[in-house]
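Enquirer: The structure follows.
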Amino acid sequence: MKLVLLGPPGAGKGTQAAFIVEKYGIPHISTGDILRAAVKAGTELGKLAESYMSKGELVPDEVVIGVAIERLAQPDCAKGFLLDGFPRTVAQAEALDKELAKLNRPLSAVLSLEVEEAEVVRRLSGRRVCSGCGAIYTAADKALCETCSGQLITRADDQPEAIRRRMQVYREQTEPLVNYYAMKGILKRIPAVGDVKEVFTRIEAALG
Ligand code: ADP
Ligand code: ZN
């Protein structure tokens, strides 16, 4: 199964990604996670990425395309993969198509998580992440992580200004991909409201 998970920030991509990779036994490839790990490690890639990420801007295409293609070349991706947060622009989607065509491994489906803008703004403004283990909390009612007792912090790109910018970037640059994949006949629209398990049931049904 070769899948792409598409949707605005706050649509619940990370949560659904965890369910999908568990059920289908494929690696989860999140360019956001890869870039955040690079920022934490202080590598050249991380330093470059951080200047864009903290403002809610996209990291330049040529950089992210390199990161994603390098990851897709790893042996564990031969049986399939779930791409989460990539592609995010038409240029990235075209680069991905070209690479997968070369490997003779076209995408099986693109899952588009659909949720209204007012709802994603509400979700993102309350989101906290554990500075220790990365666990995500949606309510602001705790100070420490339940698993590792780490501090819960607001991600720099979850600050109100950056949230607005990420939404705008999504609408302008990423939303056109919904049409791009619909034209290719592989788009599955998934209403991403309600219980997370309910959303996953819709994904399972869409994948048959
Ligand atoms: P979100 O929580 O908004 O879904 P991610 O965790 O996927 O975000 O990504 C966080 C940030 O990392 C993005 O706002 C962007 O700056 C950068 N990033 C991740 N993936 C890409 C990509 N495919 N193209 C450009 N920038 C990316
Ligand atoms: Zn933790």
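Enquirer: Among the residues of segment 132-153, what is the count of those that are assigned to a loop (DSSP other than H, G, I, E, B) and either in contact with a helix residue (DSSP H, G or I) (Cβ under 9 Å, 6 or more places away or on another chain) or under 21 Å from Asp195 (Cβ atoms) (or both)?
Expert: Matching residues across segment 132-153 total 8.
Enquirer: Working only within segment 65-88, note down all residues that are open to solvent by 10 Å² or more (accessible area, probe 1.4 Å) and out of contact with any strand residue (DSSP E or B) (no Cβ under 7 Å at 6 or more places or on another chain).
Expert: Residues satisfying the conditions are Ile65, Gly66, Val67, Ile69, Glu70, Ala73, Gln74, Pro75, Asp76, Ala78, Lys79, Arg88.
Enquirer: Among the numbered criteria (1) within 16 Å of ligand 2 (Cβ to nearest atom); (2) surrounded by 14 or more Cβ atoms within 10 Å (Cβ to Cβ); (3) assigned to a loop (DSSP other than H, G, I, E, B), which one does Val129 miss?
Expert: Failed condition: (3).
Enquirer: Restricting to segment 28-58, count the residues that are assigned to a loop (DSSP other than H, G, I, E, B), near ligand 1 (Cβ under 7 Å from one of its atoms) and at negative phi.
Expert: Of the residues in that region, 2 qualify.
Enquirer: Which is of a type in the set (Val, Ile, Thr) and in a helix (DSSP H, G or I), of Val120, Val110?
Expert: On inspection, the qualifying residue turns out to be Val120.
Enquirer: Here are some residues: Ala192, Ala206, Ala182. Which one is surrounded by 13 or more Cβ atoms within 10 Å (Cβ to Cβ) and within 16 Å of ligand 1 (Cβ to nearest atom)?
Expert: Step by step, each of Ala192, Ala206, Ala182 is checked, and only Ala192 is surrounded by 13 or more Cβ atoms within 10 Å (Cβ to Cβ) and within 16 Å of ligand 1 (Cβ to nearest atom).
Enquirer: Would you mind stating whether Asp61 is modelled with pLDDT of 95 or more, of a type in the set (Asp, Glu), crowded, with 17+ Cβ neighbours inside 10 Å and within 15 Å of ligand 1 (Cβ to nearest atom)?
Expert: Considered against the rule, which asks whether it is modelled with pLDDT of 95 or more, of a type in the set (Asp, Glu), crowded, with 17+ Cβ neighbours inside 10 Å and within 15 Å of ligand 1 (Cβ to nearest atom), Asp61 comes out as yes.
The values are calculated or read from the model by the stated rules, or taken from the named source; none is laboratory data. Since this is a predicted model, take the numbers as computed values, not measurements. No Cβ is skipped: glycine too gets one built from the backbone with ideal geometry, and neighbour counts run over all protein chains shown. We work out accessible area using only protein heavy atoms, side chains counted, and drop any ligands, DNA or RNA first. Shrake-Rupley method; radii C 1.70, N 1.55, O 1.52, S 1.80 Å.
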